[in-house]
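Before any comments, here is the structure.
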Amino acid sequence: MDDVTERLGGPGEWDDQVEQVPSISVSVVVDNTSDMLSSRPSHVASELQVLAAAGMTNMTGQGLCSAHHGLSLLVSARLEGATRTVLFDAGPDPYAIQRNAVRMGLDVAEIDAVVLSHGHFDHSEGLLQVVESVRASGGRTPLPLHHHPDVFTRRAVRVASGALVPLQEVPSADALRASGYALVPSSEKEEILGGVFCLSGEVPRRSFERGLETQVRLTASGEWEPDPLVMDERFMVAHIEGKGLAIVTGCSHAGVVNVCHHARELFPGTPLYALIGGLHLVYPNEDLIEATIAELKTFDFSVIVPGHCTGWRAMHAFVREFGEDVVDPMAVGTTVSL
């Protein structure tokens, strides 16, 4: 790899004048939704377009991407003479990410670092497959994995009946290291890949948003306690020349309004241009959809790509309130170019 102020292995010194990049692309490797045939705005390539560009000549079931409850985004920043690529989350299982990356024609050897946005299985269970695929493709090893120290917390959700349903555990730190990752734990804001991308620290909770009220975590004493704030969730940003910040978020358990306010705090004076990822406006947060939209209008986003846990009610409301010129619902196999 060439040297582009490279600090691949660990946290960088924070600087709100981080490197501006000419453009980024976001390939949706895993998402809840498959929608191959809907028309897309000019900055989004549909799954059909992506698969055709990757060499698909016959449309078959085996040749299509597979939708799963989860998220994985391959985010690449184009620099002069170089590309820097982060895999943001890894989906809910090895099958989804391996199948879809192959069909989309993605070169996993180009992955410079991986980010785990927070400690939920639908973002973490493809991690071991990712590093195996990167190694087999001759890519970077050990592969930096940026995460909050608390992503390994044991969690469960309380369903309507009152019963607790445990969540699948994130692969252990030992398993991740043994597989080929170099773990980079941090609860603070940090630059990665020489400041091409930046990760938030813990997001301040100041708005009306409630987090994930149904979640509990296992304490050291073996007791379950409420864990609505999901403080281990972080978001990623890139600064696109002449446009502003692109925010990439996993589930926005901090509340997407809090996420946007914090992004503005981290980069004062820089406009917010794009919002991409899960907004968690499903149960038990469906009553917050209208208030959330009202607040998001104040940020004047040019592009919103809601996906994963946003929910169909919120999707409909976003399209209605922001219009199709701004909102394009996320779907697996698509690529967003900004």
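GNM on the chain, alpha-carbon springs under 10 angstrom: the most fluctuating residue among Leu279, Leu183, Leu87 is Leu183. Compactness of the chain is given as radius of gyration and Dmax, 18.7, 57 Å, from Cα positions.
Averaged per residue, the range 16-80 has 47 square angstrom of accessible surface, using a 1.4 angstrom probe with ligands and nucleic acids left out. Accessible surface computed residue by residue for the range 189-263, with neighbouring protein chains in place and a 1.4 Å probe, gives 31 Å² per residue. The packing ranking, built from the mean of other Cβ atoms within 10 Å per residue, places the peptides 238-250, 128-140 in the order 238-250, 128-140, highest first. Each label point was placed 7 Å from the Cα along the Cα-to-Cβ direction; for Leu218 and Ser23 their separation is 4.8 nm. Using bins 10 angstrom wide from zero, how does P(r) for the range 234-325 break down, in % of all Cα pairs? In order of increasing distance, the bins hold 17, 56, 25, 2 percent. Starting from the 7 Å offset along Cα-to-Cβ, what nm value, one decimal, do you get for the label separation of Ala291 and Arg320? For Ala291 paired with Arg320, the spin-label model returns 1.9 nm.
If only the Cβ of Lys and Arg carry +1 and only the Cβ of Asp and Glu carry -1, the dipole of the chain around its Cα centre is close to 540 debye. Give the range of the longest stretch in the chain that excludes all chymotrypsin sites (Phe, Trp or Tyr not before Pro) found in loop regions by DSSP and having at most 15 other beta-carbon atoms within 10 Å. Free of exposed loop sites, the longest segment is 15-207.
If you restrict to DSSP beta bridges whose two residues both lie in the range 128-189, what percentage is antiparallel, to the nearest 5? DSSP beta bridges in the range 128-189 are roughly 40 percent antiparallel. Taking a ≥ b ≥ c as the square roots of the eigenvalues of the Cα gyration tensor, an a/c ratio of 1.5 or more together with a/b no larger than b/c marks the range 145-211 as oblate. Take every DSSP beta bridge whose two residues both sit in the chain; close to 60 percent of them are antiparallel.
Can you bin the range 50-209 into rounded, prolate or oblate? Criterion: square roots of the alpha carbon gyration tensor eigenvalues sorted a ≥ b ≥ c, rounded for a/c under 1.5, prolate for a/b above b/c, oblate for the rest. It is oblate, given that a/c is not under 1.5 and a/b is not larger than b/c. Taken along the Cα-to-beta-carbon direction at a fixed 7 Å, the label points for Leu164 and Ala53 span 4.7 nm.
Under the convention that each Lys and Arg Cβ holds +1 and each Asp and Glu Cβ holds -1, the size of the dipole of the range 238-338 around its Cα centre is about 140 debye. Per atom type, the chain shows carbon and sulfur on 50% of its accessible surface, probed at 1.4 Å.
The values are calculated or read from the model by the stated rules, or taken from the named source; none is laboratory data. Since we're looking at a predicted model, the values are computed, not measured. A quick note on method: Cβ atoms are made from the backbone with ideal geometry, for glycine too, and the neighbour counts reach across all protein chains shown. All accessible areas refer to the heavy atoms of the entire protein, side chains included, with ligands and DNA or RNA removed. Shrake-Rupley method; radii C 1.70, N 1.55, O 1.52, S 1.80 Å.
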